[in-house]
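Report on one structure; see the data block that follows.
The values are calculated or read from the model by the stated rules, or taken from the named source; none is laboratory data. Note that this is a predicted model, so its numbers are computed, not measured. FYI the Cβ positions are ideal-geometry reconstructions off the backbone, even for glycines, and counts take in every protein chain you see. These area figures cover heavy atoms from the full protein model, side chains too; ligands, DNA and RNA do not enter into them. Shrake-Rupley method; radii C 1.70, N 1.55, O 1.52, S 1.80 Å.
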Amino acid sequence: MTPNETFLTIRQDIIRLYKQYEVAIAPIIKFITIFMTIVLLNYQTNHAGILSKPIVILVISLVGTLLPDRGLILSAIVLCTINALTLNILFAALVFGFLCVLYLAFMRLFPKESLLIIATVILLKLGMAYMLPILAALFGGPVCIVAIIIGIFLWQITPQIAVLFTKEVGQSINTIDFTKNFNSLLFDNILSNKSMLCFMVIFFIVFCIVYIIRKQSIDHAPYIAIIVGAVINVAGFGIAMLFLNIGINLIAVLLMTLLSVTIAAIAQFFSIVLDYSRAEVVQFEDDENYYNVKVIPKINIMSYNNKVKHIYYNDNNKNDYY
């Protein structure tokens with residue numbers, strides 16, 4: 001068996017095992033993801049309330065495994081509001097109102113893609129968001145980049161607004177001064193924020209290029225898209241660091257991009273494997289259209305366990321089978 005066949009066999013066995021135990025594995029993965037998300041959210045917001053207790057996090061994570069995508073999004077809105085309450089009631093009301101508007105305008109229409117908003121905020125805080133545009137372009141549609149951009153905006157705006165509200169704790173809020181400070185924060189510190197705009201533009205470009213390339217009929221298009229997207233990602237942040245004076249650690253960007261390439265390549269390998277050597281172009285027509293279709297067979301290697309029957313002869317020349 002060649003190394004290529006060995007990898008394909010291992011892939012096929014892993015997929016077969018996952019499908020066999022999917023009923024148990026999928027909820028476990030979902031539980032771990034929800035649990036880690038709540039823990040990271042509490043850590044980033046320094047939440048010390050009821051949501052920081054391990055038993056509460058455990059119960060919420062268990063309940064979350066039973067919820068559909070829309071239920072998870074609504075639960076995330078409630079959790080974010082509770083986290084904001086520890087800072088300021090007015091801030092919590094603003095967070096709840098903004099997330100409700102976002103839910104009505106976007107999340108309820110695209111529940112699966114909206115989970116990328118939460119993933120973007122968390123991975124940006126961990127410095128691991130560089131994999132998002134590549135993975136989203138490989139396995140999602142154009143709506144995914146909208147969710148990623150919304151996540152980048154929330155990642156940038158939430159801490160700054162929280163600082164603004166923190167200044168008002170223990171004081172009577174002057175509505176006029178607060179409105180002026182809020183408008184100044186929104187237009188001067190956010191909409192003109194180079195770091196936020198840099199992430200938005202580069203992620204958008206990487207997503208579009210990866211998405212366009214992987215849609216082409218060329219051989220190994222997804223893997224070519226991954227490599228090109230990674231190069232553009234590193235080049236884009238390098239240019240931003242040199243010419244826009246943005247505080248970005250290029251070495252960290254390079255390492256995270258390499259990690260992203262590895263994860264994306266593994267995900268693509270387990271998603272589908274094609275035999276490009278047997279690709280064919282099929283041409284046919286009907287009364288209204290002429291079709292030119294490229295057909296690429298999938299590679300499926302099934303592993304079989306061969307059972308060997310041993311035959312032993314006794315003194316009476318009778319056969320015993322084991």
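Take the residue pairs Lys30/Lys298; Lys19/Lys125; Lys112/Lys215; Lys30/Lys125; Lys19/Lys298; Lys194/Lys215 and return only those whose Cα atoms are more than 23 Å apart. Spell out each step's value before the answer.
Details: Lys30/Lys298 29 Å; Lys19/Lys125 33 Å; Lys112/Lys215 21 Å; Lys30/Lys125 21 Å; Lys19/Lys298 18 Å; Lys194/Lys215 32 Å.
Check vs 23 Å cut-off fails for Lys30/Lys298; Lys19/Lys125; Lys194/Lys215.
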Report the normalised scattering of region 212-284 as log10 I(q)/I(0) at q = 0.16, 0.17 Å⁻¹, calculated by the Debye formula with identical scatterers on the alpha carbons.
-> -0.68, -0.73
Just how far, in whole angstrom, is region 127-160 from region 61-114 if you go by their alpha carbon centroids?
-> 17
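Does region 6-82 come out rounded, prolate or oblate by the C-alpha gyration tensor, with a ≥ b ≥ c the root eigenvalues, rounded set by a/c under 1.5 and, if not, prolate when a/b is larger than b/c and oblate if not? It would help to have the intermediate numbers written out before the result.
Numbers: a/c = 3.02, a/b = 2.39, b/c = 1.26.
Prolate is the answer for region 6-82, as a/c is 1.5 or above and a/b outweighs b/c.
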How long are the three semi-axes of the equivalent ellipsoid for region 44-143, computed from the Cα gyration tensor as the root of 5 times each eigenvalue, in whole Å, largest first?
-> 24, 16, 15
Please give the per residue accessible area of region 1-159, computed with a probe of 1.4 Å over protein heavy atoms only, in Å².
-> 54
Exposure of Glu280 as accessible area (Å², to 10), given a probe of 1.4 Å and all protein chains | 120
Please give the solvent-accessible surface of Leu255 in Å², to the nearest 10, using a probe radius of 1.4 Å with every protein chain present.
-> 100
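Rounded to the nearest 20 debye, what is the charge dipole size of region 8-163 about its Cα centre when +1 sits on each Lys and Arg Cβ and -1 on each Asp and Glu Cβ? Numbers along the way, then the final one.
Values: 9 positive and 4 negative charges, 31 e Å.
So the magnitude is around 140 debye.
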Let me have the relative contact order for region 202-281, percent, based on Cα pairs under 8 Å that are six or more residues apart.
-> 27
